[in-house]
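Written out below as structure tokens is the structure these notes cover.
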Amino acid sequence: MQDTLATSQNEPSAYSNSIFYVCYVSLIVALGGLLMGFDASVISGVVGFIESEFNLTKLQLGWAVASLSLTATFAMLVSGPLSDKFGRKTVLKIAALLFLLSAVLSALAPSFTILVIARMLGGLGVGAALIIAPMYIAEIAPAKYRGRLVSLNQLNIVIGISVAFFTNYMILTLGESAQPWTQQLNLQHWNWRWMLGLEALPALLYFVALFWVPESPRWLVLKGKVAQAKQIMLKVSHEQQVDETIKQIVIASTSTDKQARLPIKELFKPAMRLVMIVGVSIAILQQITGINAVFFYAPMIFEQSGFGTDAAFMQAILVGLINIVFTVIAIALIDRIGRKVLLLAGVSGIVLSMFMLAYQFNLASYELTTQVLSSLPSQINADSIGPMIGVSYSNDLEFKHALVTSLGSQLAVNHESFFIASAIQLNQTAVLIGLLAFVACFAVSLGPVMWVLFSELFPNRIRALAISFVGLINSATSFTVQLVFPWELANLGATLTFALYGIFALVGLIIVLIYLPKTKGKTLEELEASLAK
Ligand code: BGC
């Protein structure tokens, strides 16, 4: 149906009107991606504060971050069928309300449990927006622009991530300023609550803006509401073509019915072997190389590198900007140089950056000098830290262990960032370059390319089922990576943590090199004929 929605190129004026309309609708719908990106990454600024406020263990901290991906994984499974039943727009509105509810509840959370419940509600919105927003755009967009319009969603995701980094930074900075209004809002003591609560505004905006968006015409036809669908489609295309399109949707719906009854074992038939190997590998590779560990724990990583809390937030914003710029570059390149070249270049870059990070952390050493005694936080007794002065520790694990022995675990956790910043000897420029290079390489390859590949690898008949399946694997991998990251950093240390990501990327690179077919410029039917024999 998407292809038939394309307007004839012989009609420039109708065409530009329709493009304007489709862009406006797509931009509103893609706001779901923005909320998704914001909601998922805002937690990065929060972790440091809730860790001490609720006295969390490392695994609880991982849970605070990863719980969102757990419910997002579940929502990915159910939001497709729900949107078939109640409409795409209805599910998007529910997602907007969930984002709103999650923002308000997490801002007010009196306990860690309520905070996790609030994050999980947001996760339901994230999963729904991740699947339904691009699907809706694909269903209304002209074929010629479909790729780029669908990519608007990924662009919005990364913009949402950056906006969260930025607002986190602003709240922290304003909280420290002595302005009366910031004190009235209690920005300093409720900083993490404001960070999380701010999302209520865009969520409300999204909910209201969705009233100006039509329901997906394809869904309306499937529900027998042809007259209503025709009205919407006439804004995108001319009458003759609209009638033809509707006819084709009705014909296609017969195969959609078959598709709904497809058993999952269809995915594992020998003919599907190649596309499933590629789909599953890319789904895992996108997450197992650590992107969401870097995004959602960015300030924590910067603290471990001795940048200090404030600088850490600044660097986090840099991460966000690099992410946006390189996503735009990927969108410009993807139809020119192709998916495989982008992936090979990007994943090679990821391998190099991860090994560079591991190497730099391996070279780091930690030593407190007497200088630290003059700037000790008031809660720290100079005598308790005394035995560590002048001792050189060769890695972060030894140093953190010594801190816990000297201060006890509570004080050690609360002041870890201060002591690491005072003791670490590390090439910070190299670490910053390594992290930014990693984000750039991800944004130009695995980030957008995975979604494009998902939409073109699988045969028409099993596409929806297959995308749900690989999406689920992607989300579950993301959940696991986020959950174990704080534990990994505390128990394996930064060197091994980053080296592991590098090794995973290397394995992925080899799989891409061997298995990934070239898909650029081929029609979906040509791909189906050559890939799923
Ligand atoms: C991934 C997300 C990730 C985002 C970062 C998306 O394609 O699915 O997990 O946070 O890219 O840009």
Among (1) in contact with a helix residue (DSSP H, G or I) (Cβ under 7 Å, 6 or more places away or on another chain); (2) within 30 Å of ASP396 (Cα to Cα); (3) at pLDDT 90 or above, the one test that VAL319 misses: (3)
Near pairs, Cβ below 9 angstrom, 6+ apart or cross-chain, from segment 144-169 (within 12 Å of the ligand (Cβ to nearest atom)) to any residue that is at pLDDT 80 or above and not in a helix (DSSP H, G or I): ALA164/LEU198; ALA164/GLU199
Test: PHE268 is out of contact with any Asp or Glu (no Cβ under 8 Å at 6 or more places or on another chain) and either within 16 Å of the ligand (Cβ to nearest atom) or touching a residue at least 24 places away in the same chain (Cβ under 8 Å) (or both): no
Residue in segment 289-307 that is outside any helix (DSSP H, G or I) and at pLDDT below 80 present: yes
Residue under evaluation PHE438, criteria (1) over 20 Å from ALA499 (Cβ atoms); (2) within 16 Å of the ligand (Cβ to nearest atom), criterion not met: (1)
Residue ID - surrounded by the most Cβ atoms within 10 Å (Cβ to Cβ), chosen from residues in segment 68-115 that are under 14 Å from ASP39 (Cβ atoms) and of a type in the set (Val, Ile, Thr): THR71
Criterion: of a type outside the set (Lys, Arg) and surrounded by 22 or more Cβ atoms within 10 Å (Cβ to Cβ) - qualifying residue of ALA423, ALA476: ALA423
Selection status of ILE467, among the β-branched types (Val, Ile, Thr) and either under 30 Å from ILE132 (Cα atoms) or free of Cβ contacts under 8 Å to residues at least 12 places away in the same chain (or both): yes
Residue list for segment 38-67, filter: within 12 Å of the ligand (Cβ to nearest atom) and either outside the structural domain of TYR169 (by TED's automatic domain parsing) or touching an Asp or Glu at 6+ places or on another chain (Cβ under 7 Å) (or both): PHE38, ASP39
PHE302 vs. criteria touching a Leu at 6+ places or on another chain (Cβ under 9 Å) and buried (at least 19 other Cβ atoms within 10 Å of the Cβ): yes
Tally of residues being within 22 Å of SER348 (Cβ to Cβ) and of a type in the set (Phe, Trp, Tyr) across segment 410-451: 3
So SER281, is it at pLDDT 90 or above and either part of a helix (DSSP H, G or I) or within 16 Å of the ligand (Cβ to nearest atom) (or both): yes
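The values are calculated or read from the model by the stated rules, or taken from the named source; none is laboratory data. Note that the coordinates shown come from a computational prediction; the quantities given were computed from them, not determined experimentally. Positions of Cβ are backbone-derived with ideal geometry, glycine not excepted, and every protein chain shown enters the neighbour counts.
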